[in-house]
1. Place a +1 charge on the Cβ of each Lys and Arg in the chain and a -1 charge on the Cβ of each Asp and Glu, then give the dipole magnitude about the Cα centre in debye, rounded to the nearest 20.
2. Using the membrane-span-like helix rule (whole DSSP H runs, Cα extent along the own axis of at least 24 Å, mean Kyte-Doolittle hydropathy at least -0.5), which helices of the chain qualify?
3. With viscosity set to 1.567 mPa s at 4 °C, what whole-number translational diffusion coefficient in µm²/s follows for the chain from Stokes-Einstein and a Kirkwood radius over Cα pairs?
4. What order do Lys39, Lys24 take when sorted by accessible area (1.4 Å probe), most exposed first?
5. Quick one: accessible surface of Val52, probe radius 1.4 Å, all protein chains present, in square angstrom to the nearest 10.
6. Rolling a 1.4 Å sphere over the protein heavy atoms, what is the accessible area per residue of the chain, to the nearest Å²?
7. Are any of the pairs Lys53/Lys164; Lys39/Lys164; Lys34/Lys164 more than 27 Å apart by Cα-Cα distance, and if so, which?
8. If you take the square roots of the eigenvalues of the alpha-carbon gyration tensor of the range 3-47 and sort them as a ≥ b ≥ c, do you get rounded (a/c under 1.5), prolate (a/b over b/c) or oblate?
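The values are calculated or read from the model by the stated rules, or taken from the named source; none is laboratory data. These numbers were taken from a predicted model, which means no experiment stands behind them. Cβ sites come from the backbone with ideal geometry, for glycine too, and all protein chains shown count toward neighbours. Side chains included, ligands, DNA and RNA excluded: accessible areas come from the protein's heavy atoms. Shrake-Rupley method; radii C 1.70, N 1.55, O 1.52, S 1.80 Å.
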Amino acid sequence: MAAWLTNVLHHLLPHHCIDEFFVKFNYYHVQCLKITLSKILGIGIILGSILVKVPQIIKLVRAKSGEGISIYGLIFELLAIVATMAYSLAYEFPFSAWGEGFFLLIQTTIIALLVLYYEFSLLPLILFASIYSSVLFYLLGGLAPIEVLSMMQATNVPIIVIAKFFF
């Protein structure tokens with residue numbers, strides 16, 4: 001097997017699964033099939049999340065307006081995304097488990113900044129960016145207690161419902 005392919009496979013699958021599939025040719029090993037399917041789905045979700053909000057960003061920039069987009073809804077959405085990422089990082093989950101949040105965080109942050117820029121003024125944008133950066137540093141930098149992260153993770157669904165329903 002080519003060295004580059006072996007290297008890629010070692011990043012995706014446990015060693016015993018590589019042996020099952022490519023040495024023993026046992027393609028029906030249930031445990032390895034589950035692991036492989038989980039990895040493929042995780043990577044697919046991450047790849048899908050890379051560009052999911054790009055059309056909205058383009059539309060905002062072209063229109064030079066954030067009209068109709070609730071900044072409060074975006075803030076709640078960002079809070080939910082950050083909670084999931086911080087929790088996942090604290091428990092050292094693999095990137096395939098939380099990677100989509102990383103790309104959604106970047107894109108949703110860009111949308112929030114654009115809405116603030118177009119619909120408000122520079123001062124709210126700077127204020128938001130300052131506070132938001134501090135919150136990110138605290139939560140993603142390993143400074144927040146695990147109890148806080150667990151509580152935030154547990155409240156994700158209500159936060160998203162509030163964001164979508166009220167804003």
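1. It comes to approximately 380 debye.
2. The answer, listed by residue number, is 30-50, 71-90, 95-119, 122-140.
3. So the translational diffusion coefficient is about 71 µm²/s.
4. Details: Lys39 65, Lys24 130 Å².
The most accessible residue leads, giving Lys24, Lys39.
5. Probe radius 1.4 Å; accessible area of Val52 about 80 Å².
6. 63
7. Beyond 27 Å: Lys39/Lys164; Lys34/Lys164.
8. Note, shape of the range 3-47 comes out oblate.
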